[in-house]
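To start, the structure under review is shown below, and the notes come after it.
The values are calculated or read from the model by the stated rules, or taken from the named source; none is laboratory data. The shown structure was predicted, so the numbers you read here are calculated from the model rather than taken from an experiment. A quick note on method: Cβ atoms are made from the backbone with ideal geometry, for glycine too, and the neighbour counts reach across all protein chains shown. For the accessible areas, the whole protein counts, side chains as well, though only heavy atoms, and no ligand, DNA or RNA atoms are used. Shrake-Rupley method; radii C 1.70, N 1.55, O 1.52, S 1.80 Å.
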Amino acid sequence: MDNLDEMLKEAPTLTFEPVIDTKPQMPAETVESKPSVAAESGEEMGVQLTPEEQKMVNDFAAQIDITNTQQVLQYGAGCQKKIADFSETALGNVRTKDMGEVGEMLTQVVSELRSIEDGDENKGFFGKLKKKANQLSDMKAKYDKAEVNVNKISSALEAHQVTLLKDVAMLDKMYELNLNYFKELSMYILAGKKKLKEAQEVQLPALVAKAEQSKLPEDTQAARDFAEMCNRFEKKIYDLELTRTVSLQMAPQIRLIQNNDTVMSDKIQSTLVNTIPLWKSQMVIAIGLNHSTNAAKAQREVSNMTNELLKKNAENLKMATLETARESERGVVDIETLKTTNQTLINTLDEVLKIQQDGREKRRNAEVELQKLESDMRNKLLEMSTSMPAQS
C-alpha cells in the first residue's frame with residue numbers, strides 16, 4: 001500500500017529511454033524555416049491536460065527526431081513497461097478474491113444451527129424439549145458447543161471483511177495509478193502525433209520540393225527515406241495507442257473487482273449483525289421458556305415459539321443461501337462487458353487493417369510517382385545528351 005502511495009505521487013513525465021541525443025538531425029531548412037503544425041489536442045483523445053502538461057507535450061514534441069532509429073525504437077517504451085508491469089501485478093495484489101471461502105463459512109454457520117435440532121430417535125428440536133429434564137441440559141450443552149463454533153466462524157468472517165475493505169481501498173489507489181499511466185501514455189501519443197504531423201505536412205513536402213527542384217538522385221532518395229521514417233514512427237505511435245487501450249480497459253476491470261469485494265463485505269456484515277445475533281437471542285428465549293413452572297403451558301409456549309423461530313430462521317437461511325448461491329454463480333465479469341470489449345477490439349483491428357491497407361496503397365502510389373520521376377529525369381538527360389552539338 002505504501003508503495004502505491006509513493007507511485008501515486010509521481011507526476012506524468014516524458015523522457016527518452018535510454019537517454020539519447022535529442023538534437024534535431026534534419027537539415028536546418030527543413031526544421032527551422034517551416035512553421036509547426038497544430039496536432040490533436042488532449043480533449044480529442046479523452047484526456048484533460050493542465051497548461052503545464054500541455055507545455056511539456058509541446059516541448060517534448062520539438063525534441064523528437066524521427067530520423068534517429070534508436071530514439072524511435074525507445075519512444076514511450078518506459079511508459080509501456082509501467083503499464084505492462086501494472087497489468088501483471090494489479091490483480092495479483094488483490095489477496096482475497098476467492099468468494100467460495102466466504103460461502104464455505106456461511107455453510108458452516110448453517111450446519112451449526114442445524115446441529116442443534118438433531119436429536120435421538122430423529123425427533124429433532126421439539127423432541128428434546130418434551131423429554132426429561134436431563135435432556136434439557138443436554139440441549140444446552142449442545143448449544144454451547146455450537147455457539148463456540150459459530151463464534152470462531154464469526155471471527156473468521158470479520159477478519160475476511162477487514163481484508164476485503166483493505167482491498168477496496170487499495171483498488172482505489174490502483175485505479176488512480178492506472179489513470180496516471182493512461183495520461184502519461186496519452187501525452188507521449190500527443191507529442192508523437194504533433195511531431196509526425198509536422199514531419200508529414202512540413203518537412204516531407206520540403207524534401208520532395210527540393211528533390212523536384214534539384215533533380216538529384218540523392219535528394220529523391222532522401223525524401224523517400226524520410227517518408228519511410230515517418231511511416232515507421234506512425235506505426236510506433238499506433239503501438240502506443242494499443243497499450244493505451246489496455247490501460248483504458250484496466251479501469252472498468254478494477255472497478256468490477258472492487259464492486260464484488262464491496263458486495264461480499266456487505267453480505268458478511270449482514271450475517272454478523274443480523275443472522276447470528278438473531279439466532280443466539282432466539283435460542284436463549286427458547287431455552288428460558290423451558291423453566292416455566294407449568295410444564296404443559298411451557299411445552300405449548302416453547303412449541304409455538306420454536307415453530308416461529310424455525311420459520312424465521314428457515315426463511316433467513318433461505319434468503320442468505322439463495323443470495324450466496326447467486327453471488328457464487330455470478331461471474332467476475334458480466335457477459336455484456338465481455339461482448340462490448342470484444343466488439344471494441346474487433347473494431348480496433350478493423351481500423352488497423354484499413355490503416356495498413358491505406359498505407360500500402362499510398363506507398364504503392366508513391367513508388368509509381370518515384371519511378372515516373374526517375375524516368376522523366378533519365379529521358380531529360382537523354383534528351384539533353386542528344387541535343388548537344390557535336391564537338392568539332
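For a quick protection proxy, order the peptides 366-372, 173-179, 307-313 by their average other-Cβ count within 10 Å, most packed first. The partial results should precede the final answer.
Details: 366-372: 12.0, 173-179: 18.3, 307-313: 14.6.
Going from most to least packed, we get 173-179, 307-313, 366-372.
How much length would be gained if the chain were fully extended between SER281 and ASP350, taking 0.36 nm per residue of separation minus their Cα-Cα distance, in nm to one decimal? Don't jump to the answer; show the numbers that get you there.
Working: separation 69, 0.36 × 69 = 24.84 nm, distance 6.39 nm.
Taking SER281 through ASP350 to full extension adds about 18.4 nm, to one decimal.
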Lys pairs in region 163-228, Cα-Cα under 28 Å, at least 8 apart or on separate chains: how many? 12
Cα→Cβ-extended label distance, 7 Å offset, between GLN269 and LYS55, nm: 4.6
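Compute the FRET efficiency between LYS362 and GLN70 as 1/(1 + (r/R0)^6), taking r as their Cβ-Cβ distance and R0 = 25 Å, and round to the nearest 0.05. Numbers along the way, then the final one.
Values: r = 26 Å, r/R0 = 1.05.
It comes to 0.45.
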With θ taken as phi - 60° and the coefficients 6.51, -1.76 and 1.60, list the Karplus ³J(HN,Hα) couplings across region 65-80 in order, rounded to whole Hz; mark glycine and proline as x. 10, 6, 7, 8, 4, 5, 5, 5, 5, 8, 4, x, 5, x, 5, 4
How long is the gain from LYS380 to ASN342 if the chain were fully straight, where each residue apart is worth 0.36 nm and the alpha carbon distance is subtracted? 8.0 nm
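Can you tell me the order of 216-223, 157-164, 346-353 when each peptide is scored by its average per-residue count of other Cβ atoms within 10 angstrom, highest first? Before the final figure, lay out each step's value.
On the way: 216-223: 15.2, 157-164: 16.9, 346-353: 10.9.
Result, highest mean Cβ count within 10 Å first: 157-164, 216-223, 346-353.
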Any idea of ARG255's accessible area? Nearest 10 Å², probe 1.4 Å. 90
Label-point separation in nm, GLU329 to VAL202, each point 7 Å along Cα→Cβ: 6.3
